[in-house]
Structures are given as structure tokens and as C-alpha cells.
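The values are calculated or read from the model by the stated rules, or taken from the named source; none is laboratory data. Being a predicted model, the structure only gives us computed values, none of them experimental. Ideal geometry is used to build each Cβ from the backbone, glycine not excepted, and the neighbour counts take in all protein chains shown.
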Amino acid sequence: MSKTTVSMTSVTLAFKAKRILESKGFSCSVKKAPKISVNGCTHILEVSGTASAVTAVLDSYNIKYGKILRDGMFP
Amino acid sequence: MTIYFDNAATTFPKPSGVINSIFYSVKNLGGNAGRGGHILTRKTSEAVFESRQTAADFFGAEVENVIFTSNCTHALNTAIQGIMSQGGHIIISGIEHNSSARPVFAMAQKKRCTFSIAEVSDSDEQTVKNFRSLVKSDTKAIVSVIAGNVTGQILPYKKIGKLCQELGICYIADGAQACGVMDIKMSDGINILCTPGHKGLYGPAGTGLLITDGKYHINPLMQGGTGSSEFNLKQTETLPEALESGTLNTTGIIALKSGIDFVNSKSIDKIFKHENNLCKKFIDGLSDTDTIIYRNSTSNYVPIVSFNIPDTNPEEVAQYLDSKGFCLRAGLHCSPLAHNSLGTTNGTIRFAPSIFNNADQVERLVKAIKKYGKNQKNY
């Protein structure tokens, strides 16, 4: 099972995305990013699924998100 | 025994679920929501999100457009000052609470905006006409209560919302006396809805909501920590965090969810009917006296009744009732504009039941008022 990590623009949107993704059958958790980004602290979503499948769901619900990393590592 | 009829100020008692949530939150959810990554923070953050989602579902909003505030005044100040930050003209109704009137007046005094006051009529059509007649080329917003806090009169808020949509201006609705007893939705034409959490939603004091449809940018009243993007000294523009700087009242917010759950479990219609029946019983009980009831036959009302006993001071009546175990608020109720309209500059006494009151309590109150009235002239 591939794992996708998505950085989110807010913790609220992270939980919103989690709720939607779980309703679509994805296993999902909200965490704080392990590394500080150029902007500062960030919340991430860890989702069991491919990036294309995850972003397709997020896009269909107009949920803004940041960078995508397939291997779960944060840049 | 104390019987509480001051629910328009804040509801009491609170549902057991609200009390239990407060205990649970304080005992178990000790993390700071949205800050850090440890288990307690994650649990608290998720609980806050669940409360936000509950409020969003209740009012038909997107979850990220639900902003937690400390009360309705905080929400209204955020909305009014945020929308009018670049100046312009704003219209408020003639029965606004000081929570709207004072921030508008303060901005006008500092020459940051101009304002007009639209008279509220017994006729909904006339009220909407009054608003329309005051619109100018630089009018940016209309602020109105959905229902007034002195008499409980329901304004034609959907028509005011429609007027604002037609004119392309922002409608800020104060739902302080309406939310929880009326089914208020953002789709009613409301751009920004402000409400306390501690009145008809049965949450604890220190809670309020600002809900936006996202159409109009709200400049934040405060800037500060939001838990993310700290390297940017510019305040984030992402809602809800953009308007929620600083640590949230997590205990209050989590308990507010239980309050909304309680309202949903009872149903808004049943709550309204129960409280409205108590108001009817109260009015009917005093119908054989000279008690002045501030209602007219053409308007609709939320379950609030303002009254006076002729030739008496409302505060003295309330003190007498307090001595007999009844909690009612007398005075101006922070709404001088409404009292100017009513011609009650000495104030009124306000009867405001909740779902927890019953007919027997109302009968006892009516008896106490009659007993007091018999000792007065002209009663």
C-alpha cells in the first residue's frame, strides 16, 4: 500500500480533508510535519493511497493543500 | 427556590451534556489546539474540529468558515470592523444592541466610517424600504438583529439579506436571540452570522461564533499566533485561523458542541413551541391587569416578552421579583436604540424562558407580579 503525505495550509483544513478522505475509504491521520518548512510549522495528512487518488478527492472538494510527498518524508 | 427567566441574557441551567463536556475537556483534553504535535494536542485539535463541524452543519456553512469567538459582541466587532476597515457607509437597524451600535459609533467618531440608522416598523415591507432608502453609493454593509433583544421582534432578515445581495453589499446578521429557537441558515441571504454560544445554543459563557459565507474579506481585529506559518510576520489569510489568533477557549468550544447537540436532540421547532407557549401563558395570565406588554399584533416574536407595570420603576419590580425567587432582567438590556424607539427610556422588565422552564413556574411568576401590582396605583 503506498502512502501519501500532504502538507496542509491549516489544521482545520487538515481535519476536514481527513474526514472526507475517511468517508471515501482512505486511512488517514493528521500530524505535525516532522520538519519546519520555509514558512514555519505545518500540519500534514498521512494517507494510505496514491497521491493521484488523494489529490483527486481533495480537488473535488476544493480543499487547498500544499506539497505532496509519496514516501511520507517532508522536504 | 430560584426560578430563572433571564435566558435572553444567558441560558441557565445548562444541559447535563454541556456540564459533562466541560469536566471531560478539563480533565482529558489538556493540549493546546492546533499547536504542537503530541497526542494531547492532536486530541484537543480534533475535538475543536468536531465542534466546528457541528456548528457548520447547524448553520449550513463550510467548516473552515466557522470562527470561534469569546461572545457575540466579539463576533460582531470582528465582522463590523473587519468589513469596514477601508471605510465607507454602514446601516444598522433602529433596534440594534450596543454590541453593534457601539463599534459602528466608535468607528464613525474616528472618521473611519459613516452610518445611518434604519427605523424598524411593524410592517416588514416598510422596514425593508427604510433600509433601502438609506443606501448610498459607498454603503458597504447592513447590520441587523434577526430578532431584537428587548421585545423579541423578528426582523425580515431574509428580505434584508436579499436586498443586500441585490445591492452587492455585505449583510451582517446578529443572531443572538434567534439562534437555537429559529432555524437560521447561511442560505437565508446572510453573509456573516454572529451569535453567542451561551444563549440559545446552551454552551457555556465565553463562547461565540462568527460564521461567514466567505464572500467578503474580513480584516482581522487581532494578529498573533495561529500555530502555523510562523516565519510569515504577515497574518495568515486562511480561515478560520486568520481570525482566531491566540489560544482558543477549548473547554468552552468543546462544551458548545454538546449545547448544539442538545438543541438538535430537542429540535428547534419544539424548543420554540415550548418557549412560545410559556410566553403566551405569561401574557394571558396578565391580561386581566394593566400590565403593558411590548408587542404588536402584526409582528412575529421569538420567545421574549418585555413588560412594565404602570407607574413603577422596572428595576424595583425586578428587585421585588428577585426577593420572591424569580430572576428577570430589568433595565435597558444594552439596547438604548430599541428603548428610544419604544419610548421606554426607563427600561422594561424582560421575561425570557428556556426549554427548562415550565407552566407551573410561569403561573407562580404571574401571581407574584399581580401581588406586586395590587399595591400600586393604576393596576
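Of the residues making up segment B:282-322, those that are surrounded by 19 or more Cβ atoms within 10 Å (Cβ to Cβ) and assigned to a helix (DSSP H, G or I) are B:282, B:314, B:317, B:318, B:321. Taking residue B:102, is it assigned to a loop (DSSP other than H, G, I, E, B), basic (Lys, Arg) and more than 18 Å from residue B:189 (Cα to Cα)? No; evaluated as a whole, the condition is false for this residue. Checking each residue in segment A:14-29 for being touching a Phe, Trp or Tyr at 6+ places or on another chain (Cβ under 9 Å), aliphatic (A, V, I, L, M) and crowded, with 20+ Cβ neighbours inside 10 Å picks out A:14, A:17.
Of all residues in segment B:126-147, those satisfying the criterion of being more than 19 Å from residue B:191 (Cα to Cα) and in a loop (DSSP other than H, G, I, E, B) are B:134, B:136, B:137.
Each row is one residue, and each column tells you yes or no for (1) in contact with a helix residue (DSSP H, G or I) (Cβ under 6 Å, 6 or more places away or on another chain); (2) touching a residue at least 60 places away in the same chain (Cβ under 8 Å); (3) away from chain A (no Cβ under 12 Å); (4) surrounded by 16 or more Cβ atoms within 10 Å (Cβ to Cβ).
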position: B:8; (1), (2), (3), (4): no, yes, yes, yes
position: B:15; (1), (2), (3), (4): yes, yes, yes, yes
position: B:23; (1), (2), (3), (4): no, no, yes, no
position: B:29; (1), (2), (3), (4): yes, yes, yes, yes
position: B:37; (1), (2), (3), (4): no, no, no, yes
position: B:49; (1), (2), (3), (4): yes, no, no, yes
position: B:60; (1), (2), (3), (4): yes, yes, yes, yes
position: B:70; (1), (2), (3), (4): no, yes, yes, yes
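The combined condition, being modelled with pLDDT under 95 and either among the charged types (D, E, K, R) or crowded, with 22+ Cβ neighbours inside 10 Å (or both), is fulfilled by residue B:338. May I ask you to verify whether residue B:248 is part of a loop (DSSP other than H, G, I, E, B), under 28 Å from residue B:334 (Cβ atoms), within 14 Å of chain A (Cβ to nearest Cβ) and modelled with pLDDT of 95 or more? Considered against the rule, which asks whether it is part of a loop (DSSP other than H, G, I, E, B), under 28 Å from residue B:334 (Cβ atoms), within 14 Å of chain A (Cβ to nearest Cβ) and modelled with pLDDT of 95 or more, residue B:248 comes out as yes. So, in segment B:278-303, of the ones that are in contact (Cβ under 8 Å) with a residue 60 or more places away in the chain and either in contact with a Pro (Cβ under 9 Å, 6 or more places away or on another chain) or small (Gly, Ala, Ser) (or both), which residue ends up farthest from residue B:177 (Cα to Cα)? Restricting to residues being in contact (Cβ under 8 Å) with a residue 60 or more places away in the chain and either in contact with a Pro (Cβ under 9 Å, 6 or more places away or on another chain) or small (Gly, Ala, Ser) (or both), the top hit is B:290.
Across segment B:332-345, the number of residues qualifying as over 27 Å from residue B:15 (Cα atoms) and in contact with a strand residue (DSSP E or B) (Cβ under 8 Å, 6 or more places away or on another chain) comes to 4. The set of residues from segment B:96-120 being touching a Gly at 6+ places or on another chain (Cβ under 9 Å) and within 19 Å of residue B:163 (Cα to Cα) comprises B:96, B:117, B:118, B:119, B:120. When each of B:343, B:325, B:331, B:347 is tested for being modelled with pLDDT of 95 or more, within 27 Å of residue B:97 (Cβ to Cβ) and small (Gly, Ala, Ser), the lone residue that passes is B:347. May I ask you to list the residues in segment B:258-277 that are in contact (Cβ under 8 Å) with a residue 40 or more places away in the chain and small (Gly, Ala, Ser)? Those that are in contact (Cβ under 8 Å) with a residue 40 or more places away in the chain and small (Gly, Ala, Ser): B:258, B:259. Residue B:101 meets each of the listed conditions (1) touching an Asp or Glu at 6+ places or on another chain (Cβ under 8 Å); (2) away from chain A (no Cβ under 11 Å) apart from (1). Within segment A:28-48, the only residue that satisfies the criterion of being within 11 Å of the chain's Cα centre (by Cα) and farther than 19 Å from residue B:38 by Cα is A:48. Taken over segment B:172-183, the residue count meeting the criterion of being surrounded by 23 or more Cβ atoms within 10 Å (Cβ to Cβ), under 22 Å from residue B:131 (Cβ atoms) and of a type in the set (A, V, I, L, M) is 4. Those residues that are within 22 Å of residue B:220 (Cβ to Cβ), within 22 Å of the chain's Cα centre (by Cα) and crowded, with 16+ Cβ neighbours inside 10 Å, I need them from segment B:102-137; list them, please. Passing the criteria: B:102, B:103, B:104, B:107, B:115. Of the residues making up segment B:197-230, not one is surrounded by fewer than 17 Cβ atoms within 10 Å (Cβ to Cβ), on the phi > 0 side of the Ramachandran plot and polar (S, T, N, Q).
Close Cβ contacts (under 6 Å, 6 or more residues apart or on different chains) running from residues in segment B:103-127 that are in contact (Cβ under 8 Å) with a residue 60 or more places away in the chain to residues that are among the small types (Gly, Ala, Ser) comprise B:117/B:94; B:119/B:94; B:120/B:93; B:120/B:94; B:122/B:299. Could you tell me whether residue B:95 is touching a residue at least 12 places away in the same chain (Cβ under 8 Å), buried (at least 21 other Cβ atoms within 10 Å of the Cβ) and in a loop (DSSP other than H, G, I, E, B)? Against the criterion (touching a residue at least 12 places away in the same chain (Cβ under 8 Å), buried (at least 21 other Cβ atoms within 10 Å of the Cβ) and in a loop (DSSP other than H, G, I, E, B)), residue B:95 qualifies. Restricting the first member to segment B:219-244 and to residues that are more than 11 Å from chain A (Cβ to nearest Cβ), and the second to residues that are loosely packed, with under 13 Cβ neighbours inside 10 Å and at pLDDT 95 or above, the beta-carbon pairs closer than 6 Å and six or more apart or on different chains are B:224/B:246.
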